[in-house]
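What follows is a short report on a single structure.
The values are calculated or read from the model by the stated rules, or taken from the named source; none is laboratory data. Note that the coordinates shown come from a computational prediction; the quantities given were computed from them, not determined experimentally. Heads up, the Cβs are rebuilt from the backbone with ideal geometry, glycines too, and the neighbour counts pull from every protein chain shown.
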Amino acid sequence: MKCALCPLSADYGDDRPVVQDPGPLATAPKCCRQETVVIPGPALSKLRQRDDWGSPQWIESFARRTHIEGIFGNLRNQSTQNIKRGFCRVVGLPKTSLMLTFEVVAANIRIVRQWAKRTGLTTDPLCVPFPLDHGFEELDENGQICLAEPFSFDDPPDDLAS
């Protein structure tokens, strides 16, 4: 509202309502008598945001929080990463942060592999399904992993079995 006692309100547009008969300056509120107004910090928390609270831009930005909370829930879930207090037995913030980084990388790989399996996009080497035979793996002469062949000898050998 525009008020004759408040010089700052003179900058408002003509479409703003005007306070009729504001009274003498001596009885006006303190905010009208002083040159500056200090608003305490907690009152400004919504005003310190980049976007106005409740605006479409704010809603779009705040909607990202849903995804972040979902990731945190996934990391704490007992059937996935099961990260909780004492999840690793190292001492120190750098070591614990490194272990947490490994857990987050493992969770990301698991999520990408589940997505690739669900969508059928398994062209990336990270998303190739694991072979059904999880037996021993050996390297061939080129250094490539190949599944081990079954043993061709008796176990235990016949001469030791008797």
>> List pairs: first residue in region 57-75 and over 25 Å from GLY86 (Cα atoms), second residue among the acidic types (Asp, Glu) and not in a helix (DSSP H, G or I) anywhere in the structure, Cβ distance under 8 angstrom, at least six positions apart or on different chains.
In response: GLN57/ASP51; TRP58/ASP51; TRP58/ASP52; SER61/ASP51
> Could you say which residue among ARG64, ARG33, ARG110, ARG76 is out of contact with any Leu (no Cβ under 9 Å at 6 or more places or on another chain), farther than 29 Å from PHE130 by Cβ and of a type in the set (Lys, Arg)?
Replying inline: ARG64
>> Considering only residues that are of a type outside the set (Val, Ile, Thr), farther than 13 Å from ILE83 by Cβ and touching a Cys at 6+ places or on another chain (Cβ under 7 Å), which ones fall in region 94-120?
In response: ARG113, ALA116
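Filter region 4-34 for residues that are of a type in the set (S, T, N, Q) and at pLDDT below 80 and give the result. Explain how you work it out, then say what you get.
First, the residues of region 4-34 that are of a type in the set (S, T, N, Q): 9, 20, 27, 34.
Listed by number, the residues that qualify are SER9, GLN34.
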